[in-house]
Each structure stands twice: as structure tokens, then as C-alpha cells.
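Each remark here refers to the structure printed beneath this line.
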Amino acid sequence: MKFTSINPFNHQSFAETSLLIDHDIDLKISLAENSQKKWKLIKLSDRIKALTKLSSLLENQLEVLATMITLEMGKPIKESRSEILKCQSLCNHYVEFSEEYLIPTYISSFATTSYVQNMPLGIIFGVMPWNFPFWQVFRFAVPSIIAGNAVLIKHAANTQECAKLIEKIFLEAGFPQGIYQNMPIDHDQASKVIAHKNIKAVSFTGSTGAGRKIAEQTGKHLKKTLLELGGNNAFVVLRDADIENSVDLAVKSRFLNNGQSCIAAKRFIIERPIYQDFLDAFCFKVSNLKSGDPMFESTDLGPLARLDLAQNLNEQVKSSIDKGAKIVLGGTYDKFFHSPTVLTNVDTTMAAFREETFGPLASFSIANDKAHALFLASDSDFGLGMSIFTKDVEGLLPFISNIADGAVFINEMVKSDPRLPFGGTLNSGYGRELGRDGLLEFVNRQTIVIN
């Protein structure tokens, strides 16, 4: 069996990757085990030197790496460059702050001395998605490795060339053989890796359905797990908001990455007095987005990464229309391309409201007032993030305690940042990446007591 890389713009296959056999998997785990035992003893300052080199390589190889992202999953080349530069900013963040984050915490207790130190767990298995093929890997792998762990990566079947480049660049940066390894394997083989006694924890980013299966397997084997799953983030605009600014961010949040982002704004909940003005301005800007070859600098929207993604989005649109939603823009698809689509009259029973819509679809609902808007926004099985736009920030703050999402962004679109913890609740998963929390996610917070 082989994985095939297909350019979603021209539908042409351009590379194949053979899956590992079980014997090769065992060898990789053994190499990781032996390498990690040495790596955890290396001074943190020396680990950081490799990370500094990795940051430089990302900058030096920007065009090569960005081009492969666009070739394999179809995002506009300008966004692929931004993804690589964001990986570089993550590396730079941990170069600057890893020592501060990992320093032992001294605690006053009954003992002469008591403190908590952060010890690596061992080998961490990462199951990574295709939509941000570098960023998702880097935000898991970098803090895990700097903390003293080794990582094994099962990347998505359709981004295996990106997976190979990532492994190559870690080696070029000076990380020892075995500390970062790519593993082209299928789901059944991944289950065996999870069960392996030398795998200490699992990080998974992907769909909620797949996350449930991962959690079931890790629970069976008592492995620590981080799950970063789907979302159907609400974008709430209250009547006193700056409409021009909120429209600009709404379009960016919904259509970035061709709409294929877990943290993208998907449900637009607008207070009635400004609803029509906001909708008209939003549709005007969306209608001016340029679709086409993602390798062109002028392209705003490329194809979806796979044919089935466009088909599934079309089914969600049709299902919502059958229940009374109205199309005011778009609504068509041709193979990998789905037109940017805006649905109005969306209620809480429709797929466009209840499900994660992974592509260029925006659903609009009207709220009667602030309380109603936040009630609708919170009416979700997901809990990744929420954006709320208002000039009355102080008046909004008392409402936030009733929001379950992992992040609330006021007058800003939801986005990840290397400095801020990132993660969800409910069907969006659990655990935190990035910042101090991300570095401490896969460590043993070991208590030391001395008398």
C-alpha cells in the first residue's frame, strides 16, 4: 500500500510514499527510545541551540517549504509562506522562554525543601492533520522535544511530502537521529503504536470522530492524551460594534486556508439592528475574493484539499437549504473547488449551525439582543473558541463566565499564537498547546521533598 500526493488544483498525482512494515515501526520506536535516553540528559541550552538552527532553516528554505504545502493541500502560496513564518515564530518563542517555563517551582511546605521539577515522559506519538501540515506538527513537536522527549509523527496520508521535509529539516538543524521521526503508517498500524509499551503519550489533532477513537485506545492503555478536535466557532457582532473592522476580520477568519480551519469563524450571529448592513458588507467583500491557482500571488481561495471535502460541504449546504436556509451567495462546487457560500435564515437545527463546516461556507443567524446572541453562540457541542465584537467591553465581561469555550477573543478573530495556550472543551477536545502550557503538557510534574 502507498500514500499518493495529489495536487488538488490540477488533480495530478506527483509523489508516492510506501507504508512502513511492522518491523520498521519497531526499529523506529527502538531508535527513539535509545535516543531519548541520551537527549533528556543534554543541557537545555544545547537543545535550544538546535532549535535556533531550526528557526534559521525555516527562513532560509521558506520558498521550498511553502511551495510543497500549496502543492499538496492547495492553500494560496501567500498563506503557505505565512504558515512557515509562524513556525519560525514558535521556534523563536521557545528559544527565548523555554528555560523560564521549565525552571523548577519551589514550594513552602512541611519539608526543609520541596519543589516541582519538569521531567520528560519519553516517546510521544503525534497524529497530525493536513490542513496546516507544518504548523500543527511544529506546535506539538517543538515544545515536546525541547522538554526532553522524542516524537514519532503519523502525518496525514495526503501530505506525506511535507512530512518528509519536516523530518529532513529537524535533522539538518542538529537534532539527533531518532528524536524526530516521520512514520508513514495506516490507522491499524497507528493503533499498534499507541499500544506499544514505550509510547508514553499521544497528541492528536483532527476530527471529533477520530478523536473519540484515539481517546478510547489511549484510555485502554492508560496513556496521557491531548486532543485538538473540531469546532464550529461563533462570530458574534453586537449592535454597537465597529462594522467595518468586524467585517474585515469575519471574512479573513472564515476564508483563511480555503475555510479549512478548526478555529475559523463558521456561525455568524449578528444583532438585528445591524444585521443587514453587516451581511451586505460581508457579501460584498466575499464576492471580491479571487479563486484560482493557489500558486498565483493574487489568489485568495484555492481548491479544497480533497474531493470528498467539497462533496461533504455541498451536502451540508443542501441539507440546510432543505430545512429553510437561503443562499445569498455561491452554493456551487466543481470537483475540488467549492464557491465561497453564504447562507442566511440559519437556525439551530441545521447542519450549517450544528456541524463543523470545513470549507468556504458562512452561516448567518439573527440575534434579538446581547443575551440572545451569546445564548445562540453557546448552543454548540463544540467549545474551541468564540469571537465577540462590541464597544462595550466592560458590559460584556460578566457574560463571559457562562461561555465554555477554550478561548474568547473580544474585537479580534480567534487565532493561535505561540505565546498563548490553545485548546478546547466539549467535543473540541482537551489539553493545551503553545505557551508555557504547551511545554508542560508532556512532562512529569515531579514533586521532590527533602528533609
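Bear in mind that the values in this text are calculations on the coordinates, not laboratory data. Everything quoted here is computed from the prediction, not taken from an experiment. With ideal geometry, Cβ positions are generated from the backbone for all residues, glycine too; neighbour counts draw on all protein chains shown.
For region 63-114, which chymotrypsin sites (Phe, Trp or Tyr not before Pro) pass both filters: DSSP loop (anything but H, G, I, E, B) and at most 14 other C-beta atoms within 10 Å? Passing both the DSSP loop test and the Cβ count: PHE110. As a length-normalised measure over Cα pairs under 8 Å and 6 or more apart, the relative contact order of the chain settles at 19 percent. Under a model in which nothing but the beta-carbon of Lys, Arg (+1) and Asp, Glu (-1) is charged, the chain shows a dipole of about 1160 debye around its Cα centre. Loop-resident trypsin sites (Lys or Arg not before Pro) (DSSP state other than H, G, I, E or B) in region 40-133 with no more than 10 further Cβ atoms inside 10 Å of their Cβ: LYS43. Working from label points 7 Å from Cα in the Cα-to-Cβ sense, the LYS335 to VAL449 distance is 6.7 nm. Straight Cα distances below 30 angstrom link LYS326 to the lysines LYS75, LYS252, LYS266, LYS285, LYS290, LYS318, LYS335, LYS370, LYS415, with same-chain residues fewer than 8 positions distant left out. Only alpha carbons enter this Debye calculation for region 153-300, each as an equal point scatterer, and the log10 of I(q)/I(0) it gives at q = 0.13, 0.19, 0.22 Å⁻¹ is -0.82, -1.12, -1.32. Look at where the Cα atoms of region 322-344 and of region 58-129 average out, and the two centres are 37 Å apart. Over region 162-275, Cα pairs under 8 Å with separation of 6+ residues give a relative contact order of 21 percent.
Could you name the aspartates and glutamates in cross-link range of LYS164, using Cα to Cα under 13 Å and dropping any fewer than eight places away on the same chain? Within reach: GLU16, GLU72, GLU172.
Here's the picture: charge each Lys and Arg Cβ at +1 and each Asp and Glu Cβ at -1 in region 148-302, and of ILE166, SER298, LEU227 the one pushed furthest to the positive end of that dipole is LEU227. Distance between the C-alpha centres of region 218-297 and region 16-52: 38 Å, rounded to the whole angstrom. Backbone amide hydrogens, once placed in the peptide plane, bring LEU226 within less than 5 Å of VAL202, SER203, PHE204, excluding anything fewer than 5 places away on its chain. Amide H contacts of PHE409: MET386, SER387, ILE388, each under 5 Å away and 5 or more positions distant or on a separate chain (H built 1.01 Å from N in the peptide plane; Pro and chain starts excluded). What longest region of the chain stays clear of GluC sites (Glu not before Pro) that DSSP places outside H, G, I, E and B and that have at most 15 other Cβ atoms within 10 Å? It works out to 1-296.
Hull volume per residue, based on the alpha-carbon atoms of the chain and their convex hull, is 150 Å³.
Hey, what did region 1-137 get for relative contact order, percent, Cα under 8 Å, at least 6 apart?
Computed value for region 1-137: 22 percent relative contact order.
An ellipsoid equivalent to region 233-418, defined through the eigenvalues of its Cα gyration tensor, has semi-axes of 26, 17, 16 Å when rounded to whole angstrom and sorted largest first. Taking a straight line from the alpha carbon of LYS200, these lysines sit under 23 Å away, with near neighbours fewer than eight places off in the same chain left out: LYS28, LYS37, LYS38, LYS40, LYS43, LYS154, LYS192, LYS213, LYS220, LYS223, LYS224.
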